[in-house]
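Asker: The structure is given below, and queries will be raised subsequently.
Every read-out reported here was derived from the displayed coordinates using simple, explicitly stated rules and does not represent laboratory data. Every value quoted in this text rests on a predicted model; they were computed, and no experiment measured them. Positions of Cβ are backbone-derived with ideal geometry, glycine not excepted, and every protein chain shown enters the neighbour counts.
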Amino acid sequence: MQNAISDDLVELLQKAADQGRVVLVLPASDQSAPDQPAVSYNSRRAMAAAFCQIFGLQRAAGKALAALVDSDFVATEDLHREISPRGVIKSSSKSLHVALCRLRHQLRPYGIGIATIFGLGFRLEDGSRDKLQKMLAEYNQRFTTPPAPEAA
């Protein structure tokens, strides 16, 4: 049995469509755990820039975090290349570990962790990716929500 759609809802949806907005209406069962991330970034660079703004990170730390969000696992050499200028590794692997130590310290207050897979690389701890995606969605919301009309 389908619920009747109120005229108010139809009017709101029509206004949104007229303004060029996209409205997603998910079934109740899909709202608790969507398969798709809350925010889709078409490049790691954009995601890294957002993380730099959200957490006050240096560029290399933002790039490392974006790489970790983008993949379930990042090899040590790949992450080192990701944070190196123009992707050329000129520093020792020790500099990567120092950068990750600082990044872990900055993310700890938010309950976000980076796990080391010894001899292989790094990954986000369980639940951290979801927290980061939620934070990206909230960050994006600040720029995609039009300001409320002023009272006349």
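Asker: Taking a ≥ b ≥ c as the square roots of the Cα gyration tensor eigenvalues, with a/c under 1.5 meaning rounded and otherwise prolate when a/b beats b/c, else oblate, which class fits segment 69-125?
Answerer: prolate
Asker: Related question: Counting Lys and Arg as +1 and Asp and Glu as -1, what is the net charge of the other residues whose Cβ lies under 12 Å from the Cβ of residue 122?
Answerer: Net of charged neighbours comes to -3.
Asker: Label residue 94 and residue 70 with points 7 Å out from Cα along Cα→Cβ: what is the distance between them in nm?
Answerer: Calculated label separation equals 2.9 nm.
Asker: Determine the equivalent ellipsoid of segment 44-141 by diagonalising the alpha-carbon gyration tensor, then write out the semi-axes as square roots of 5 times the eigenvalues, largest first, rounded to whole Å.
Answerer: 20, 15, 12
Asker: Still on this structure, I have one more. Check which residues have an amide H placed less than 5 Å from residue 124's amide H, if you skip close sequence neighbours.
Answerer: Close amide H contacts, sequence-distant or interchain: 115.
Asker: Still on this structure, I have one more. For a quick check: sort 15, 63 by the number of other beta carbons within 10 angstrom, fewest at the front. Mind dumping the intermediate values first?
Answerer: Numbers: 15 10, 63 23.
Placing the least packed residue first, the sequence is 15, 63.
Asker: With 10 angstrom as the radius, rank 114, 54, 83 by how many other C-beta atoms surround their C-beta, starting from the fewest. Before the final figure, lay out each step's value.
Answerer: Working: 114 20, 54 16, 83 24.
Placing the least packed residue first, the sequence is 54, 114, 83.
Asker: Additional query: Please rank 135, 47, fewest neighbouring Cβ atoms within 10 Å first, as an exposure proxy.
Answerer: The most exposed by this proxy come first: 135, 47.
Asker: Just to confirm the filter: which chymotrypsin sites (Phe, Trp or Tyr not before Pro) across segment 53-115 are DSSP coil and have at most 15 other Cβ within 10 angstrom of their Cβ?
Answerer: On the way: sites: 55, 73, 110; in loops: 73.
Sparse-neighbourhood loop chymotrypsin sites (Phe, Trp or Tyr not before Pro): 73.
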